[in-house]
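The numbers here are math on the coordinates, done by the rules we state, and not lab data. Treat the numbers as computed from the prediction; the structure is a model and nothing was measured.
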Amino acid sequence: MTTRSGQCLCGALKFTATPKNGDVGVCHCATCRRGTAGSYFAIDCGDTLAFENENALGVYNSSEWAERGFCTKCGSPIFWRTKDKTVNIVSVNAFDDAGELRLDHEVFIDEKPAYYSFAEKTKQMTGEECFAEFGKS
Ligand SMILES: [Zn+2]
Ligand SMILES: [Zn+2]
């Protein structure tokens, strides 16, 4: 895919990243929902995420293996990444243009609250199935 630009709400954090493919994932886990005020729509950009400068980059240590990046000025969530920084799952909503991206999979479907659901036909995985697939248990 082509490299895309993006930024936080206030513009203090500007970045570029190259999605591996057009498959958007959405995470329904309680951590993502609390941290993003919604379900987390994001795309795998491998290790291509690069910031113009990191002055306003905050990093929250959200679990043993992962951390979350956000703007310290406006609070916009930008990414979830593994601590070795090789896997960066970037917020689709932070990109300037979501173009031809499509909703492909839903993870932690077992933590999705009953008050919403999406009409798209997606591949759905429970938290347990996720950990098994990505080998992070
Ligand atoms: Zn900002
Ligand atoms: Zn999550």
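Given a cut-off of under 8 Å on Cα pairs at least six residues apart, what relative contact order in percent is computed for the chain?
Numbers: 288 pairs, mean separation 35.9, N = 137.
In percent, rounded to a whole number, it is 26.
Read phi for every residue in region 104-109 and hand back ³J(HN,Hα) as whole Hz from Karplus 6.51 cos²θ - 1.76 cosθ + 1.60, θ = phi - 60°, with x for Gly and Pro.
Those phi angles translate into 10, 8, 10, 10, 6, 4 Hz.
Can you list the residues, at least 5 places off or on another chain, whose amide H is less than 5 Å from the amide H of GLN124, using H built in the peptide plane?
The list, which skips near neighbours in sequence, is GLU106.
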